[in-house]
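To start, the structure under review is shown below, and the notes come after it.
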Ligand SMILES: Cc1cc2nc3c(=O)[nH]c(=O)nc-3n(C[C@H](O)[C@H](O)[C@H](O)COP(=O)(O)OP(=O)(O)OC[C@H]3O[C@@H](n4cnc5c(N)ncnc54)[C@H](O)[C@@H]3O)c2cc1C
């Protein structure tokens, strides 16, 4: 495919973590293409996207890992986050490496009775420092009485810092334009883009009529609990709870309610989350205040849709949506696959300037930066 007037016009619809990560990867791959025009159109920007609510914890959660792509995307993303953590910009990127404990069973009972949870999860080979907990270590959690568990080094992405940093990186490149606008049909963009990348998450249900995308409602509480420095997820008699530390707060969860469109806080959920978390970390019983957020994960029956479609109107669309509870976890891996498809449609210049290490390219920061969102009609 050749683009009009030698300019590569790429439009990303959606400025959640998937859209922004894809945009960053495009800039890196097309670093020497002056003819690139990248437009990011979105109804909402951070701090109003789904990722802003997320706990930002790395684990392929809510996605079926029988899909081999998930593990590939998650592993690729884990390694990028880890290199960010060890980079000189780590203090501003909002990425933390944490010890993470998963505890199965409650009160000495296996949750799903006969399920043997001493098997390693498929993602165990992707992470550093994974090991199953022995009996002695399980006894540390005797108030919970788990039957098995593991510990690993995971990553927490503090989204309130991280998403603005991605925007900052993008805004310093004058080939990038932001437009705050709701698109009602991709046909609206037909004459303005050679390639459209659809990163609209749950809204793809309406934008491209994919009825298999459904909400998986999640409610979380951000509390001040500075003594918690590791991540924990655990079975209880009321469901699975988790506590994920951030730099100054701990995110307590959670709920995963399929087909629930309610974006309002449910006080019963709040109480249940606090009850569950206090079972694992009893001092949380003293916590009576925190910020409660609700978000709708973009669950999709067949997992993530990442593919190229030439529509009947002749538009080249690359879809990337349906990341459920793992959009942060697979973000860089998905972005790479999307950009690999774009490259087959709009070949980049062969000479790439890779003289900077990856994390330096991603986090070239401009002090006192302000990004400009156009509200123009297109
Ligand atoms: C409570 C909770 C906890 C979570 N915890 C984790 C976690 O610990 N780890 C993890 O990996 N993931 C987690 N997730 C999941 C993660 O947040 C999502 O998978 C991810 O945010 C999805 O990103 P996205 O960019 O696809 O969608 P979104 O963030 O929803 O972005 C979609 C974008 O498209 C725009 N848009 C939509 N329709 C249109 C339109 N018609 N025109 C223009 N723009 C449009 C929106 O305005 C938005 O900017 C959690 C989610 C929730 C709710």
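The values are calculated or read from the model by the stated rules, or taken from the named source; none is laboratory data. Owing to the predicted nature of the structure, the values given are computational and were not obtained by experimental measurement. In this analysis, Cβ positions are derived from the backbone assuming ideal geometry, glycine residues included, and neighbour counts consider all displayed protein chains.
Evaluate segment 224-232: report whether one residue or more is within 12 Å of the ligand (Cβ to nearest atom), closer than 23 Å to residue 331 by Cα, over 19 Å from the mean Cα position of the chain (by Cα) and in contact (Cβ under 8 Å) with a residue 40 or more places away in the chain. Can you show your working first?
Pass one, segment 224-232, residues within 12 Å of the ligand (Cβ to nearest atom): 231.
Subset that is closer than 23 Å to residue 331 by Cα: 231.
Remaining after also requiring over 19 Å from the mean Cα position of the chain (by Cα): none.
No.
For segment 235-257, enumerate the residues that are surrounded by 13 or more Cβ atoms within 10 Å (Cβ to Cβ) and out of contact with any helix residue (DSSP H, G or I) (no Cβ under 9 Å at 6 or more places or on another chain).
The first filter runs over segment 235-257 and keeps only residues surrounded by 13 or more Cβ atoms within 10 Å (Cβ to Cβ), leaving 235-236, 239-246, 249-257.
The answer is 235, 244, 245, 249, 251.
Quick check on my filter: what residues within segment 1-43 are free of Cβ contacts under 8 Å to residues at least 60 places away in the same chain and either touching a helix residue (DSSP H, G or I) at 6+ places or on another chain (Cβ under 9 Å) or in a strand (DSSP E or B) (or both)?
Scanning segment 1-43 gives a single hit, 35.
Would segment 160-169 turn up any residue that is over 23 Å from residue 27 (Cα atoms) and within 16 Å of the ligand (Cβ to nearest atom)?
Filtering segment 160-169 down to residues over 23 Å from residue 27 (Cα atoms) leaves none.
There is no residue in segment 160-169 that is over 23 Å from residue 27 (Cα atoms) and within 16 Å of the ligand (Cβ to nearest atom).
Surrounded by fewer than 16 Cβ atoms within 10 Å (Cβ to Cβ), over 22 Å from residue 243 (Cβ atoms) and touching a strand residue (DSSP E or B) at 6+ places or on another chain (Cβ under 6 Å): which single residue out of 125, 120, 180 fits that description? First the steps, then the outcome.
Working: 125 fails: touching a strand residue (DSSP E or B) at 6+ places or on another chain (Cβ under 6 Å); 120 fails: touching a strand residue (DSSP E or B) at 6+ places or on another chain (Cβ under 6 Å).
Only one candidate passes the filter, namely 180.
I'd like to verify a number: residues in segment 139-181 that are in a helix (DSSP H, G or I) and in contact with a helix residue (DSSP H, G or I) (Cβ under 9 Å, 6 or more places away or on another chain), how many?
So in segment 139-181, the residues in a helix (DSSP H, G or I) come out as 139-141, 159-171.
Within this subset, residues satisfying the condition of being in contact with a helix residue (DSSP H, G or I) (Cβ under 9 Å, 6 or more places away or on another chain) are 141, 159-163, 165-167, 169-170.
Residues that pass the stated criteria total 11.
Which residues, taken from segment 51-60, are outside any loop (DSSP other than H, G, I, E, B) and either surrounded by fewer than 21 Cβ atoms within 10 Å (Cβ to Cβ) or more than 7 Å from the ligand (Cβ to nearest atom) (or both)?
The initial filter retains those residues of segment 51-60 that are outside any loop (DSSP other than H, G, I, E, B), namely 51-53, 57.
Within segment 51-60, 52 is the sole residue that qualifies.
Can you tell me which residues in segment 61-90 are without any contact (Cβ under 8 Å) to a residue 24 or more places away in the chain and part of a helix (DSSP H, G or I)?
Those that are without any contact (Cβ under 8 Å) to a residue 24 or more places away in the chain and part of a helix (DSSP H, G or I): 68, 79, 90.
Quickly run through segment 187-223 and pick out the residues that are part of a helix (DSSP H, G or I), within 9 Å of the ligand (Cβ to nearest atom) and crowded, with 18+ Cβ neighbours inside 10 Å.
201, 202, 203, 204, 207
Do we have residue 131 as modelled with pLDDT of 90 or more, touching a strand residue (DSSP E or B) at 6+ places or on another chain (Cβ under 7 Å) and more than 16 Å from the ligand (Cβ to nearest atom) here? Please lay out each step first, then the result.
Values: modelled with pLDDT of 90 or more: yes; touching a strand residue (DSSP E or B) at 6+ places or on another chain (Cβ under 7 Å): yes; more than 16 Å from the ligand (Cβ to nearest atom): yes.
When the stated conditions are applied, residue 131 passes them.
One line per residue, one yes/no per condition, for (1) within 16 Å of the ligand (Cβ to nearest atom); (2) touching a residue at least 60 places away in the same chain (Cβ under 8 Å):
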position: 276; (1), (2): yes, no
position: 282; (1), (2): no, yes
position: 296; (1), (2): yes, yes
position: 300; (1), (2): yes, yes
position: 320; (1), (2): yes, yes
position: 328; (1), (2): yes, yes
position: 337; (1), (2): yes, yes
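Table: residues versus (1) surrounded by fewer than 19 Cβ atoms within 10 Å (Cβ to Cβ); (2) assigned to a loop (DSSP other than H, G, I, E, B).
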site: 288; (1), (2): yes, yes
site: 298; (1), (2): no, no
site: 306; (1), (2): no, no
site: 309; (1), (2): yes, no
site: 312; (1), (2): yes, yes
site: 317; (1), (2): no, no
site: 320; (1), (2): no, no
site: 325; (1), (2): no, no
site: 333; (1), (2): no, no
